[in-house]
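**Q** Mind having a look at this structure? Questions to follow.
Read-outs: derived from the displayed coordinates by stated rules, not from any lab. None of the values given here were measured: they were computed from a predicted structure. A quick note on method: Cβ atoms are made from the backbone with ideal geometry, for glycine too, and the neighbour counts reach across all protein chains shown.
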C-alpha cells in the first residue's frame, strides 16, 4: 500500500463518527497530525481559521493529490444549505462559465459555452492519436465532417456542436454511469476516463469503510440509488495561470449520513478537454467541537487528479508547475469558501 493510499484511507477515522452525533475528543487534530502530516503549528493555524493546505505524496508519477482545511464560523447545517445553492456554490476563482444540466438535459443548459480560439485551431487539425484536445475518435471525425472550417461561422458551428454533444453525453452518463464515460483518443494509446475514475475510487476505498452505502452509490451509479443523496451534473470552463482553459463535465453528489456530525460532497470528473484523465475530490464538512458560540465546522478537501503525462524534474518539470498551480487554486478556493459562507451565514 503506497503512502497516498494510506493517507486517504485513514480518513475513515472521521467516518467512524457516523455512528454518533458528536465528534470524538481530540479530533480532528489527531487525524490531521497523524495521517495528513500537519505540524502542531499548522493544526493551531487551522483552529484559528487560517487556510492550511498540503501536497500529499504519491507513488504514481501521473497523479497529484492535495489536502486543504479551513475552519468556518458557521454551523454545518448552514454550510450545507449554502452548498446546495449550486448556482452560487459552483462559482470559484478562475471559473469563467458553468451551467447545470437539468433532467433531461437540453442545449439551453449550455447556452453560455463559448469555444476557445486555441481549441478551435487544435480541433481543426485533430486526428485519432494526434490531437491537442481530449476527445473520442468519433468526435474528431464528426468535427471534420460537420464544420465548414473555411467559414467565418466555424467558431459558432463548433460551439453549437459541442453544446449538443455535452447534452448527449450527460444523458448517456445518467443512464450508464462510469461505463458510459468517454474514451480519449487524442494520444496513440486510447484511454478510458472510466478506468481512471475506478482507479482513483479504488485507492480511496477506505474513505468509505464506515459509509459503505456512499461508496457503493458512487461505484454503481445509477444502478444503486441512495436515499438522501443530492445529485447534479454540470459543465464548466476553468482557467489556471499559464495553462490552457479547460472544459469539464462533473458529477457532484452531496450526502449527510443520518445521525452523523459530517456531510460528504464528492465531485467526479466525467470529461475534461485538457490534461486530466480523471479527477475525484471528497469534501468533508465536520462539526467543530472548538467552535465559538453559535457553532462552526471544519471544511476539509482531499483532491486526487490523474493526468496523461506530466514530466517531472529538469527543464520540463511540468508536474511541478501544475502541482503548484493546483495547490494555489485549492488555497484560493478554500479562502473564497470561508469568506462567502461566513458572509451569508452571519446574516441569518
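**Q** Between residue 202 and residue 60, what FRET efficiency follows from the Cβ-Cβ distance if R0 is 22 Å, with the result rounded to 0.05? Mind showing how you got there, number by number?
**A** Values: r = 12 Å, r/R0 = 0.57.
So, using R0 = 22 Å, E works out to roughly 0.95.
**Q** Taking the Cα atoms only, what angle lies between the long axis of helix 318-345 and the longest principal axis of the chain, rounded to 10 degrees?
**A** Once rounded, one gets 60 degrees.
**Q** If I fit a long axis through the Cα atoms of helix 137-146 and take the longest principal axis of the Cα atoms of the chain, what angle between them do I get, 0 to 90°, rounded to 10?
**A** 50
**Q** Can I ask one more? Once fully extended, how much extra length lies between residue 144 and residue 88, figured as 0.36 nm per residue of separation less the alpha-carbon to alpha-carbon distance? Walk me through the numbers on the way to the answer.
**A** Numbers: separation 56, 0.36 × 56 = 20.16 nm, distance 3.74 nm.
Contour length minus the Cα-Cα distance gives 16.4 nm.
**Q** Return the FRET efficiency for the residue pair residue 179, residue 41: r is the Cβ-Cβ distance, R0 is 56 Å, and the value is rounded to the nearest 0.05.
**A** The formula returns an efficiency of 0.75 here.
**Q** Where in the stretch 55-73 does the amide nitrogen come within less than 19 Å of the point 7 Å from the Cα of residue 230, taken along Cα to Cβ?
**A** Of the residues in the stretch 55-73, 72-73 have backbone N under 19 Å from the label point off residue 230.
**Q** Oh, and also: Which residues does the label zone of residue 168 cover in the stretch 175-193, counting backbone N under 19 Å from a point 7 Å along Cα→Cβ?
**A** Once the point is set 7 Å along Cα→Cβ of residue 168, 175-186, 193 turn out to lie under 19 Å by backbone N, inside the stretch 175-193.
**Q** Still on this structure, I have one more. Based on the Cβ-Cβ distance from residue 242 to residue 80, what FRET efficiency comes out when R0 is 41 Å, to the nearest 0.05?
**A** 0.70
**Q** On to the next question. Can you give the relative contact order of the chain as a percent, counting alpha carbon pairs under 8 Å and 6+ residues apart? Please report the intermediate quantities before stating the final value.
**A** Working: 631 pairs, mean separation 85.8, N = 348.
Once normalised by length, the contact order is 25 percent.
**Q** Further, regarding this structure: Divide by every residue of the chain the summed helix terms, -39500 (n - 2.57) for each DSSP H run of at least 4, and state the resulting mean residue ellipticity at 222 nm, rounded to the nearest 500 deg cm²/dmol.
**A** -10500 deg cm²/dmol, from helical runs alone.
**Q** Along Cα→Cβ, 7 Å out, is where each label goes; now give me the distance between the ones at residue 107 and residue 190 in nm to one decimal.
**A** 2.7
**Q** Determine the shape class of the chain: with a ≥ b ≥ c the square roots of the Cα gyration tensor eigenvalues, call it rounded for a/c under 1.5, and otherwise prolate if a/b is greater than b/c, oblate otherwise.
**A** Because a/c hits 1.5 or more and a/b exceeds b/c, the chain counts as prolate.
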